[in-house]
Amino acid sequence: MAFRMSEQAYFVMLALAEEPRHGYGVVQAVKDLSDDRVRLGAGTLYGILDRLVEAGFAEASGEVVVDGRLRRYYRLTDEGLGVLTAETDRLRALTRRAQRVLGSRPALGTA
């Protein structure tokens, strides 16, 4: 099954591109990177992380026990970084096309 790049998955990958993070760290980074627009619940986050790992785009990079709780850290693989870069390029091209279309429209109230 092919990996589906949702907006949430894109932000998770972007968060992991900065540095390895544990679950709560990913949630906070996604919140910051999306200007508080994207909020991840635990089920959504770990579903995305599981799919990223299964696809080979992320991997567990260590575990630490803090206050008796296990924190598993994840990081992007080189393949994951390539996928994230390609998706960013695709979004950039889409934005350029949209700006051309929107820029060529007559202003409202004219014509």
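FYI, it's all coordinate maths here, none of it is from the lab. Please read all numbers here as calculations on a predicted model, not as lab measurements. Here the Cβ is made from the backbone with ideal geometry for all residues, glycine too, and neighbour counts use every protein chain on show.
Below, the figures for the structure above:
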| item | result |
| --- | --- |
| Per-selection Kirkwood Rh - the chain (Cα, Å, 1 d.p.) | 15.6 Å |
| Unit charges at the beta carbon, dipole of region 7-103: most positive-side option, VAL66, VAL27, GLY56 | VAL27 |
| Cut-off 15 Å between beta-carbons: net charge of the residues surrounding GLY82, Lys and Arg +1, Asp and Glu -1 | -3 |
